[in-house]
Amino acid sequence: MFKEILKEFGLELIGDVTKERNAYLAHTNVGKVCIKERTYDVSTFQFIYSILDHLGGKGFLNLPIYLEARDGKKFFKKQSKKTYTVCKWIHSRRVDFNNEEELKSSVSLLSEFHHHSLGFDLDQFKNASLNTKNKIYYGKILEIFSLKLRQMYQYKNIILNKEKRNLDLFDMLYLDSFDAAVHDAKIAIRRLSKTQYYEKSMLAKEKGYICHHDLEHHNILIDQNSKLYLIDFDYMIADTYLHDVASLIFRNNRSLDFIDNNRHKIILDAYQKYVEFDSDDIEIIAEFLRFPEDYWQVGHQKYDETLSWADERYVRRIEKYTTYREERLRMLESIKEYKKEVKNGKH
């Protein structure tokens, strides 16, 4: 299979192919390459690679180098409906979010990504697939949060309609956390509706901002020369950069088990070297963080997508949410103090 795929990109397989997380490392006649397999429609690929081409054209060079297939496209679609991309292998390691300097460098990288995304033209996707249109978030987050809240109630009803003897541990843990998650979701929606999120998101639309939207530490690489790279663009969306800043704060804290509720200060202070926040920006970020996205997501994976995960994996995910909820609320209290300092001109 890999020989056929690489042939489409003008490459010859000369060594082993090994699985590396959600990709494959292949040894070819031009060196090491990374092969990724996906099931996206063509429109979604065009969305992703149009953004990457735009970023590269604007001078953002902290990206993998994707190779073109024989037809000139940067992906190859097999009859099996699976689609493959190939990029040059980056000799690197993941950044360490526990290292303050590497975290600050990651924030700088993110701000550069946002800056270079400016001017991206979304008009070319007016007639795109629904999957692609769902990546355009401008002004829609309240609508999206409200939909997810309704879905949380649907997942609760799925559980309640089961016979008692058919309930599993995840079902019971989901119900145990339901009231708290709904409480947080409603507060986030109410408070976010009182901010200028809509206006700021529509301004982001005018300017053409794009968000990476998957800022896990394993998606930021650092090479031996301390150059950082962003990878894995499958979840990119169009929205205000505040969305990404909130995402980085949450994922940074989660990767460190919320042991330090001041990590947000490092991220916010570092980002403000490039873009100055006002107190409303901080409120928007806080309510993005308050919404129980992780609780909704694991319910969605269990009851809508019905992923074939082992029961233990589902249980670990819901237990993580429960464990981290109180820490997240403490972090939000700390962000509230940061907001006051911004309002008083101390940042």
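The values are calculated or read from the model by the stated rules, or taken from the named source; none is laboratory data. Note that the structure is predicted; figures quoted are calculated from it, not measured. For neighbour counting, all protein chains shown are included, and Cβ atoms are generated from backbone atoms with ideal geometry for every residue, glycine included.
Of note:
- If you go through the range 105-124 and pick out every residue that is over 18 Å from residue 270 (Cβ atoms), surrounded by fewer than 21 Cβ atoms within 10 Å (Cβ to Cβ) and either modelled with pLDDT of 95 or more or not polar (S, T, N, Q) (or both), you end up with 6.
- Figure legend. Inter-residue proximity from the range 305-327: first residues without any contact (Cβ under 8 Å) to a residue 40 or more places away in the chain, second residues part of a helix (DSSP H, G or I) and of a type in the set (A, V, I, L, M), beta-carbon distance below 8 Å, spacing 6+ or different chains. Indicated pairs: 317/298.
- Only one entry in 338, 303 is assigned to a helix (DSSP H, G or I), in contact with a Leu (Cβ under 8 Å, 6 or more places away or on another chain) and of a type in the set (Ser, Thr, Tyr), namely 338.
- Given (1) surrounded by 14 or more Cβ atoms within 10 Å (Cβ to Cβ); (2) part of a helix (DSSP H, G or I); (3) in contact (Cβ under 8 Å) with a residue 40 or more places away in the chain; (4) of a type outside the set (Gly, Ala, Ser), number of the condition residue 186 does not satisfy: (3)
- Residues that are part of a helix (DSSP H, G or I), in contact (Cβ under 8 Å) with a residue 40 or more places away in the chain and farther than 13 Å from residue 291 by Cα within the range 166-183 comprise 169, 170, 173, 174, 176, 177, listed in sequence order.
- Of the residues 48, 14, the single one that is surrounded by 15 or more Cβ atoms within 10 Å (Cβ to Cβ) and β-branched (Val, Ile, Thr) is 48.
So that you can scan it fast, the table gives a plain yes or no per residue for (1) within 20 Å of the chain's Cα centre (by Cα); (2) of a type in the set (Phe, Trp, Tyr); (3) within 26 Å of residue 113 (Cβ to Cβ):
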site: 22; (1), (2), (3): yes, no, yes
site: 25; (1), (2), (3): no, no, yes
site: 30; (1), (2), (3): no, no, no
site: 60; (1), (2), (3): yes, yes, yes
site: 64; (1), (2), (3): yes, no, yes
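- Test result for residue 180, farther than 25 Å from residue 50 by Cβ, surrounded by fewer than 18 Cβ atoms within 10 Å (Cβ to Cβ), in contact with a Lys or Arg (Cβ under 9 Å, 6 or more places away or on another chain) and of a type outside the set (Val, Ile, Thr): yes
- Whichever residue in the range 32-58 is of a type in the set (Lys, Arg) and either closer than 19 Å to residue 214 by Cα or in a loop (DSSP other than H, G, I, E, B) (or both) and, among such residues, is farthest from the chain's Cα centre (by Cα): 58
- Hits in the range 154-191 (condition: among the basic types (Lys, Arg) and touching a Phe, Trp or Tyr at 6+ places or on another chain (Cβ under 7 Å)): 156
- Selected residue (only one of 63, 103, 109 is part of a helix (DSSP H, G or I) and in contact with a helix residue (DSSP H, G or I) (Cβ under 7 Å, 6 or more places away or on another chain)): 103
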